[in-house]
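Asker: Got a structure for you, written out below as structure tokens; questions coming shortly.
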Amino acid sequence: MSQMTKATTAFVAAAAATAAGGGRAAAIRLTAVRPFTIHKAFYSTSPSQPDPRYDSLINGPLSTLPAPLDIPAPRKPGESLFGYYFKLGKGYLSFYKTGLKNAAWVNPRLAGPVMARWRDDRGYAGIVQNKWITRSDLQLLKRNQHDFRRIPLFAILFTICGEFTPFLVAIFSNIVPITCRIPTQIEYDRKKRERRITASFESFLPSTSINRPVEGLDKLSWKEKVHCSTVVGRHSGLWPSRVLPLPFGFVLHKRLARYEVYIATDDLLIAKGGGVMRLSPPELEIACVDRGIKVLGKSEQQLRADLQRWLTDSKKGVTIWERWLTLPTS
């Protein structure tokens, strides 16, 4: 293990211990550090120069996204091999330390007060009815829950592999917190998701299911449920769903039902927060991926148009199931 990795062992161990101690209790302890303040989110290529166009509570807190990755340009001829890889490793090490810090300390502290109100209002129905939540709050809760569960395993991987972690994240992508995902990993995961969607339309979903109107989740066949789950990544691609029915089908049904409520809530909060044009570019991509909209190779303008079309269909009462059974035209 290198000196840089040894220097972070205590930090990683502390992060893992915090996560292993229980998400709810840890969040309460961390919240007590200092009073909760509104955490505005915006997008910027430079953290020190925020873009005021996206200074809006429609976007999730910046701490829920990967930190900027500062690594050297490709090695030039004659440049020291040791010096280059030392700088490269140092850049990745700093990136992962920041990501773990945000996942283990910053985001749980921010999410604590929001989660308390969430429980008091009994989840989605209460928060929408009482109209207190913003999309920034919703995304904070969702991403914090996602990341906190993954900290212990990722911390072990990071402690063992150190600067070599970037070479393994594609293999162990499911255990990596969102805050620790490097750009190449994000792109790889999206390519894999879009290939799965294409394959599902071409060789899994019956032709009679494509483009058919569907009133609700209960009206879907087993294959249609698996397809919809594939579109939005509700089950692992490692399961041979083409050959074997997913075990515990009611679990998949419940996941899809919860996801339907999440998407409906997020749709409302995007409209409440000012609409598609207020979303920062990273949040725009995340919103599209959450809805099964393909993002690779598309411009920002195309993505905004696709998401706006989705929101318009939601207002018209088109079900998400009908949209996920519709063969994409782009």
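Asker: Being touching a strand residue (DSSP E or B) at 6+ places or on another chain (Cβ under 8 Å) and more than 24 Å from Leu157 (Cα to Cα): is that true of Leu110 here?
Answerer: When the stated conditions are applied, Leu110 does not pass them.
Asker: Moving on. Considering only residues that are buried (at least 17 other Cβ atoms within 10 Å of the Cβ) and assigned to a loop (DSSP other than H, G, I, E, B), which ones fall in the stretch 271-286?
Answerer: Gly273, Leu279, Ser280
Asker: Sticking with this one: Just checking, which of Asp218, Asp189 is of a type in the set (Asp, Glu) and within 17 Å of Asp290 (Cα to Cα)?
Answerer: From the options Asp218, Asp189, the qualifying one is Asp189.
Asker: In addition: Tally time: how many residues in the stretch 287-306 are assigned to a helix (DSSP H, G or I) and either without any contact (Cβ under 8 Å) to a residue 12 or more places away in the chain or of a type in the set (S, T, N, Q) (or both)?
Answerer: 3
Asker: Filter the helices (runs of 4 or more DSSP H) completely within the stretch 125-217 down to those with at least 1 residues that are basic (Lys, Arg) and either in contact with a helix residue (DSSP H, G or I) (Cβ under 6 Å, 6 or more places away or on another chain) or in contact (Cβ under 8 Å) with a residue 60 or more places away in the chain (or both).
Answerer: Correct list: 135-148, 183-203.
Asker: Give the residue that is nearest to Lys223 (Cα to Cα), with candidates limited to residues of the stretch 307-321 that are without any contact (Cβ under 8 Å) to a residue 24 or more places away in the chain and either buried (at least 17 other Cβ atoms within 10 Å of the Cβ) or out of contact with any Lys or Arg (no Cβ under 7 Å at 6 or more places or on another chain) (or both).
Answerer: Val318
Every number in this text was worked out from the coordinates using simple rules, so none of it is lab data. Computed from a predicted structure; not experimentally measured. For neighbour counting, all protein chains shown are included, and Cβ atoms are generated from backbone atoms with ideal geometry for every residue, glycine included.
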